[in-house]
1. Could you grab me the full set of residues in the range 61-76 that are part of a strand (DSSP E or B) and over 14 Å from Ser91 (Cβ atoms)?
2. Suppose the filter is hydroxyl-bearing (Ser, Thr, Tyr) and either modelled with pLDDT of 95 or more or part of a loop (DSSP other than H, G, I, E, B) (or both); does Thr158 pass it?
3. Consider Ser85 against the criteria (1) touching a strand residue (DSSP E or B) at 6+ places or on another chain (Cβ under 9 Å); (2) surrounded by fewer than 16 Cβ atoms within 10 Å (Cβ to Cβ): it satisfies all of them except one. Which criterion is unmet?
4. Please determine whether any residue of the range 80-98 is of a type in the set (A, V, I, L, M, F, W, C) and touching a Gly at 6+ places or on another chain (Cβ under 6 Å).
5. Which one of the conditions (1) crowded, with 17+ Cβ neighbours inside 10 Å; (2) farther than 16 Å from Gln133 by Cα does Ile115 fail to meet, given that it meets all the rest?
6. Under 7 Å between Cβ atoms, at least 6 apart or on separate chains: pull out the pairs that start in the range 103-131 with a residue that is under 11 Å from Gly161 (Cα atoms) and at pLDDT 90 or above and end on any residue that is part of a loop (DSSP other than H, G, I, E, B) and small (Gly, Ala, Ser).
7. Looking only at the range 91-121, count every residue that is hydrophobic (A, V, I, L, M, F, W, C) and more than 26 Å from Asp55 (Cβ to Cβ) and tell me the total.
Amino acid sequence: MNRLLIALLATSSLLAAGCVSNPLKSGESSPAPAADSKPAESAKTADKPATTTADGKAHRYVKSRDGTFDGEIWGSPAKNSKFTSLQVGMSQGEVEGKIGRGTDMRTYMTGKAWIPFYFGTDGHRFETFYKGQGSLIYTGGGVGGGRGVLVGINHDATEDGYQ
């Protein structure tokens, strides 16, 4: 019993100290850098050229607007697409303020949801659909809820707007 108690106390102290998970790797956003600072170029992003998916869409990794994580973009924007004004790393509120709400949404769990003592924001994600535009993917917010951060943009002019 004492060993179990010690193990629980050690785990909780590591969680409190922030040593268990790196929030920048979990999809969480951090405060924006100062206006005069530039985010460092990620070797992961710089070394990966755009690729093509099985359905023929272009796929590329991009840095978030504050430079703390990599997001993904699939396809090319349609003519007059609302998605061209979006950047990976924007909050859901910012996105909806620019282009409005989607016509439908779905949620799904990621593999991180099954990690014991994982309290990051990437345990689940949700995807919103926009007719004739495509879909947007957000992290699911924190343990206590909240709104997500844009991590993926899927350009698809044939999108019907529903799941």
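1. Let us first name the residues in the range 61-76 that are part of a strand (DSSP E or B), namely 61-63, 70-74.
Passing the criteria: Tyr61, Val62, Lys63, Asp70, Glu72, Ile73, Trp74.
2. Numbers: hydroxyl-bearing (Ser, Thr, Tyr): yes; either modelled with pLDDT of 95 or more or part of a loop (DSSP other than H, G, I, E, B) (or both): yes.
Answer is yes for this residue.
3. Going through (1) touching a strand residue (DSSP E or B) at 6+ places or on another chain (Cβ under 9 Å); (2) surrounded by fewer than 16 Cβ atoms within 10 Å (Cβ to Cβ) one by one, Ser85 breaks only (1).
4. Initial filter on the range 80-98 (of a type in the set (A, V, I, L, M, F, W, C)): 83, 86, 88, 90, 95.
If we keep only those that are touching a Gly at 6+ places or on another chain (Cβ under 6 Å) as well, we get 88.
Scanning the range 80-98 turns up at least one residue that is of a type in the set (A, V, I, L, M, F, W, C) and touching a Gly at 6+ places or on another chain (Cβ under 6 Å).
5. (1)
6. Thr103/Gly161; Asp104/Gly161; Thr128/Gly102; Phe129/Gly102; Phe129/Gly161; Tyr130/Gly102; Tyr130/Gly161; Lys131/Gly161
7. Residues of the range 91-121 that are hydrophobic (A, V, I, L, M, F, W, C), as a first pass: 95, 99, 105, 109, 113-115, 117, 119.
Filter once more, so that each one left must be more than 26 Å from Asp55 (Cβ to Cβ): 113-115, 117, 119.
So the count comes out to 5.
The values are calculated or read from the model by the stated rules, or taken from the named source; none is laboratory data. Here the structure is a predicted model, which is why all the values come from computation and not from measurement. Glycine gets a Cβ as well: all are built from the backbone with ideal geometry, and neighbour counts include every protein chain shown.
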